[in-house]
Amino acid sequence: PSSADGFYLKGTILMGMRQFSEAEAEFAHALELAPDHSATMNDLAVLLMEQGRNAEARALLERALEIRPDDELARGNLESLGPP
């Protein structure tokens, strides 16, 4: 992949295969190319939550909601984390 969307898609495939560290690296590349890529922030947050890295996940979800306040997925994921 040479675009943020390509790295994002590769990351989602790797995440589905439970290759979390590889998926995280692909998501990081996507965010380097497009720091406001909200889909990447959402999926990376879910990956981090799966690993118990809730503080990092919360920060990503809050950032995603700053960019897209109407993002229902980010809001639901943030609510599932409970209060800080």
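Listed values, structure above:
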quantity: Residue pairs meeting the criteria (Cβ under 8 Å; at least 6 apart or on separate chains; first without any contact (Cβ under 8 Å) to a residue 24 or more places away in the chain, in segment 3-21; second among the aromatic types (Phe, Trp, Tyr) and assigned to a helix (DSSP H, G or I)); calculated: 14/20
quantity: Hits in segment 38-51 - residues which are open to solvent by 10 Å² or more (accessible area, probe 1.4 Å) and either assigned to a helix (DSSP H, G or I) or modelled with pLDDT of 95 or more (or both); calculated: 38, 39, 43, 44, 46, 49, 50
quantity: Some residue of segment 37-47 being over 10 Å from the mean Cα position of the chain (by Cα) and of a type in the set (Gly, Ala, Ser); calculated: no
quantity: Odd one out for residue 30, checked against (1) of a type in the set (A, V, I, L, M); (2) closer than 15 Å to residue 78 by Cβ; (3) open to solvent by less than 30 Å² (accessible area, probe 1.4 Å); calculated: (2)
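Every residue, every condition in (1) in contact (Cβ under 8 Å) with a residue 12 or more places away in the chain; (2) within 23 Å of residue 5 (Cβ to Cβ), yes or no:
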{"site": "43", "(1), (2)": "yes, yes"}
{"site": "46", "(1), (2)": "yes, yes"}
{"site": "53", "(1), (2)": "no, no"}
{"site": "56", "(1), (2)": "no, yes"}
{"site": "61", "(1), (2)": "yes, yes"}
{"site": "65", "(1), (2)": "yes, yes"}
{"site": "70", "(1), (2)": "no, yes"}
{"site": "74", "(1), (2)": "yes, yes"}
{"site": "82", "(1), (2)": "no, no"}
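The values are calculated or read from the model by the stated rules, or taken from the named source; none is laboratory data. Since the structure is predicted, the reported quantities are computational estimates derived from the model, not experimental observations. Positions of Cβ are backbone-derived with ideal geometry, glycine not excepted, and every protein chain shown enters the neighbour counts. Just so you know, the surface numbers come from the protein's heavy atoms only, side chains and all, with ligands and any DNA or RNA stripped out. Shrake-Rupley method; radii C 1.70, N 1.55, O 1.52, S 1.80 Å.
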